[in-house]
Structures are given as structure tokens and as C-alpha cells.
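One structure below.
The values are calculated or read from the model by the stated rules, or taken from the named source; none is laboratory data. If you're wondering where the values come from, they're calculated on a predicted model, not measured in any experiment. Neighbour counts are summed over all protein chains in view; Cβ atoms, including those assigned to glycine, are modelled from backbone coordinates with ideal geometry.
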């Protein structure tokens, strides 16, 4: 058009295998380097040594190349098919539709067979290759437009990577892989664009032959190590580093392990992950453990002996000494998503600190599950969430098929009037949590904003109606649950999530004195026990997580728990406990210990709450309680992404079943859980693995109701 001949693009260069493999390797190297650096910056102590850093870099590169090199081949094939003298409108439409379809498919939340997901990723790469080829043809080797487009693509890649690492850590695996894929594709496209300017853009003569050979060796070693390294040669530090928050490496490992699950049992033995019997679908992490059958069914700590399983079961169900007295009424007072450190310590909300100042505080308390519905359903049934009778793909967002007797059903059958002001609809009777309660107020749904004042008003109305009878009243404040809402016009509207979260807690703390004041006005304060607790905590990127429901770190599972017992002095107990013990303790406080159902897995705290017990008995109880293990757990929809843990103070072991990664922390010296001691402390790690294995064997033998 301007009289100059149109530049000619060398046929086959931008669509050939060589430049696409070169671009794929370069993009993988850039992304994996950024991945390792980000992990080092956000997870203190994740690299136990320089050797772990090198190992992870090679592992990450091998994982990325395993996915990206086949994708690069598809890119080249697609680009070759579209390498036509003239650009056709149909090509543009086809590429746009293919890319849109790939994005739609990739953002589905896959729960089982991810082989199709792997195929969809490669198709997405091919679709992007079509668009890339159209872009290259459009520029026809023009230097400035190509450099500008490459710069914009690199900027897009950096933006996607930073978002994935800092702002989107709570996404599901499929969405993380989608973001990671398009981050790599953006870098790949930028490199191909630059290479398409001139075939000799980086002349071989200018690259030292030794450096070129070294690069090829590194690429080859990373691929070989990734595929042939036996599981027993992989250190736990490396396994933990690969799965502790890195975006690219972690999610590609999940994807490739699912695609190489040889016996289709949901677990792979790739890089020593999980499956200790890769050709036996009945043996894998999470499988039922049958003691004494000489088979390590769940790939955890060998086959447990029946006598050891029976001994732990007896210890967990042994009756504690009785409290020795009861009260007329019980008020269960809970706050959703309330972290332990917002009641105790320097970050505590003052009004909540005043509330527990007159109480028996259980300093070491954990939830059952870092999610509202499973944790609270476990509370009222006194059963761990993994024991519920759920269908394989049923989540806790739907009514449970479990029919375990609830705290409210037992209290009602004994003539105690029951009521619940819980606001959120997921706590309604149809979901099982308040099943059996005489009256329930649960009108709200997530995102409906501020509800603390409404909850208090309804609780006061119920209290006024119940005051002449014996009652069990549960008041659950939902406000601190995300989204973190503040009053319209508040200067906190543009504040951080953490600041708005604290504001919501402060709002709830202002409401609680109104309830306690009503007890005094009605003359009920001297004969009503108040049990204060939370259903779970909340994450604010301490371990790269946000919200809750995905991890078992202390910010998610450590909760405040306190008992205001009229007539008994306040103090602090350090014996570990969990929400599993709330229901049987409540029944004993009401004098109904003889009605505690056999299905309750928790035990009444009994004499632990009573300082007036004689010293020998109390000290013996405290000693026994100090070493009582707690077993928080978490799993996603369809029983996927399962993590188990055991707390045996001061030690805490976390096992992520999907990747067979273990973490061991000393909560006394490292309360923030920054130093994984699984490799440095093998004796403690082995003991807790064995304890967790025995507990899971008990769970497998307990029938669901």
C-alpha cells in the first residue's frame, strides 16, 4: 500500500517444532524461576537447604516441560495448519470460538477424572497457537509491532502470575492451572513473536557452545529426574516445598499425577506421591485401613495391629470424671470465623477479652473442620465430619443424609426447651445442624450483609419466651464470615479485608453484653452456663491462603473456647480439646449425662472444668488430658483434596493425601507454623503418623448412621 514490498515471513519458522520447543523451554524456565522465587519470599523456611532449592527448581522445570512441550507441539501443528498466504475471516472466528470453549472448559471444577482436563489444556494450547499464528501473520515480521506485542504479552504474564500468587490463592486447582497455563502461553507467545522477526535473531555462532550444551543438559536432567526418581528418594522437604504454595509446580503436579493414575483409584505414585500400590485400586491414601490384614491400605504407616487400634479407641472413649454438679440452663454463644488470636493475645478484641476474663478458658481448642456446616454439624452430633453418611459427590452445601442424634434432639427428649437464633440458612434444620430444636431463626444467606443486631433481637425475643422453663439456647453470630461488610458510609469500606474483618468482630462484641445483660435482668445469670466458642478461624495469607475451608493451619483450625460457670472461679486450662466435646459437656452441664448417645465420639469435659476437685484427681485428669490427641480434617466436594491432621501437644502433623505431603510443627516454639520439621524430627513424625493411622483405622470401622 505504501509502495514498499510486504515483508515475507520465512515459511515454517514460526510454525515449526524447533522454535516452539525453544519458546516452550524458555517460557517454562522463566515461569518456574519466578515460581521458586515467589515461594521463597512468601513461605519462610520452606527451603531447608540450598539443595532443596536446586531440587525444586529441577522438579518444577521437569513438571512444566512435561506439560508444555507436548503443548508446544500442538502449537506448532496448529500454526502450520493455519500458515496460509492470506488470512481468512473463518480462521479468526474458528480460533476465537476454540479459545472461548477452552476457557469455559478449563474453569469447570473437576472432581474426578482429570485426564480429560489434561486433554482440554492441550487443546487450549493449540487454540492459542491458532491465535498466535494469526498475530504473527498480521505483523509479518514488522519489528516495532512485534516487539510491542511481545512486551504486552510479557506484561500480561507478569500480571497473571502476581494475581495467582498474591490475590487468588484460594482458587480451586482447575482455575489455578487455567491461570498458570495462560501465563505460560503469554510468555511463549512473546518469545515466538520475537523469534519470528528473524530466524537468526539469536545466531548460534554468538552463543557459547558450552552454555548451549549446559542448557540442554539441564532440561534433560529435569525431565529425567521428574519421571524416574523413586518415591523413597524424595525428601519430605522437597515434597512439601513442591506443594506448599507454589502455583505452577503445585497445580501441574496435581494435574500430571491425575493423568498418570495407572489404577484409576484417584491417586498416583508419580514422584513418590501417595499411591504405594500403583496397580492395586484398593490401596491408596484415604482407603479403608483393615488392621491385621498385612496390607497398608491407606499408604500411611504400615498395617496397624488390631490391639493398638483397640487401645487407642478405648483411650478416646474412656469416660472422664464427672463434674459433680449441673445448672438449669445453657446458652451456646458462638461467632463464625472467629480466630483464636482475636480473643487471646495482643490482637484480641477488648470486649471479648472481658467476656472470657470471668470464665474457665480452654486455651488449646481446635475445630473439627475449617468450614461452618461440617464443623457445626460435627459439634451437634459429636462426630467427626468424615464419619457422616454422605454420597460420594455430596457436599455440605446440601442436606445431609446423616441421621446421627443431635444435641437438640437429646435435650428436647428430656423436657429441655430448645431454640436457635443462627441467622444463616445453612444452619437451618433441613441441613441437620439445628434438627430437633423447638424453634429456629435462620433467614439469611451469604452476602446479605450485617446481621449482628438482628441476631441479638431474635435471641432476646427467644430468651424472653423461654425464661420460665429450662432451656438450651444457641446464638450464632455470622458477621465475621466473608464478605466482610461494614456500615454504608464507613471509612472502612475501602479498607483491607483484615481491617473489615476486625470491624465485624468488634460489632459482634458490642452485641454480646446485651445478651448477658438480659440474663441478669431475668434473674437467670446465676443458673445459666454460657459456652463461648467459634466454628473455625480465618486465613489472611499466613500460608498463602484466604477465607477458610481448605487448610489445617492454626489460623484456620485453632479456636477460642470458654465456659462461664456460675459459682466456679475463672482460670485457664491447657488440656487440648475440640468442638467434639461440646455436646456431651452441654448435656452434663444440664444434668443429662445419662442420656449422652453412644454415637457421640466426644467426651464431657467434666471435672476439668471444676477447680474444686481434689488435687490428686485433678492433676491426674490434667495429665491424661494433656496428651489427648485432636484430629482436625478437611476435604473438598466429592471427598477430594483431603487433608488430615493430628495434634498431640506440642506437636502437630498434617498429611495432604492428594500428594502424600507431610508437615510437622512444634506449636510451642513455632506457633505460626513456619518450619516444617518432618525431616529433622523423624521420631516425632513417625509417632504421629502411626497415631493418625490408628485413628483412621477406627474411623473406617465405625459405621455411618
Residues that are closer than 16 Å to residue 379 by Cβ and either assigned to a loop (DSSP other than H, G, I, E, B) or not assigned by TED's automatic domain parsing to the domain that holds residue 497 (or both), drawn from the range 528-547: 535, 536, 537
Qualifying residue in the range 611-624 (condition: under 27 Å from residue 362 (Cα atoms), at pLDDT 70 or above and not assigned by TED's automatic domain parsing to the domain that holds residue 557): no
Neighbours by Cβ (under 6 Å, 6+ apart or cross-chain): first from the range 664-686, at positive phi; second part of a strand (DSSP E or B) and surrounded by 15 or more Cβ atoms within 10 Å (Cβ to Cβ): 673/665
Number of the condition not met by residue 214 [criteria: (1) modelled with pLDDT of 65 or more; (2) under 29 Å from residue 676 (Cβ atoms); (3) assigned to a helix (DSSP H, G or I)]: (2)
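Kindly evaluate residue 327 against the criterion of being buried (at least 22 other Cβ atoms within 10 Å of the Cβ) and either under 21 Å from the mean Cα position of the chain (by Cα) or on the phi < 0 side of the Ramachandran plot (or both).
Numbers: buried (at least 22 other Cβ atoms within 10 Å of the Cβ): no; either under 21 Å from the mean Cα position of the chain (by Cα) or on the phi < 0 side of the Ramachandran plot (or both): yes.
The answer is no for residue 327.
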Count - residues of the range 466-512 that are without any contact (Cβ under 8 Å) to a residue 40 or more places away in the chain and closer than 23 Å to residue 433 by Cα: 1
Qualifying residue in the range 411-419 (condition: surrounded by fewer than 22 Cβ atoms within 10 Å (Cβ to Cβ) and either part of a helix (DSSP H, G or I) or at pLDDT below 90 (or both)): yes
Residue in the range 423-456 that is surrounded by the fewest Cβ atoms within 10 Å (Cβ to Cβ), counting only those that are in a helix (DSSP H, G or I) and touching a strand residue (DSSP E or B) at 6+ places or on another chain (Cβ under 9 Å): 425
Subset of the range 139-168 (residues that are buried (at least 21 other Cβ atoms within 10 Å of the Cβ), under 27 Å from residue 541 (Cα atoms) and either modelled with pLDDT under 80 or not assigned by TED's automatic domain parsing to the domain that holds residue 61 (or both)): 164, 165
Those residues of the range 331-357 which are part of a loop (DSSP other than H, G, I, E, B) and surrounded by fewer than 16 Cβ atoms within 10 Å (Cβ to Cβ), in sequence order: 345, 346, 347
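Report whether or not residue 171 is within 23 Å of residue 32 (Cα to Cα), in the same structural domain as residue 68 (by TED's automatic domain parsing) and modelled with pLDDT under 65. Walk me through how you get there before you give the answer.
Working: within 23 Å of residue 32 (Cα to Cα): yes; in the same structural domain as residue 68 (by TED's automatic domain parsing): yes; modelled with pLDDT under 65: yes.
Judged against the criteria, residue 171 is a match.
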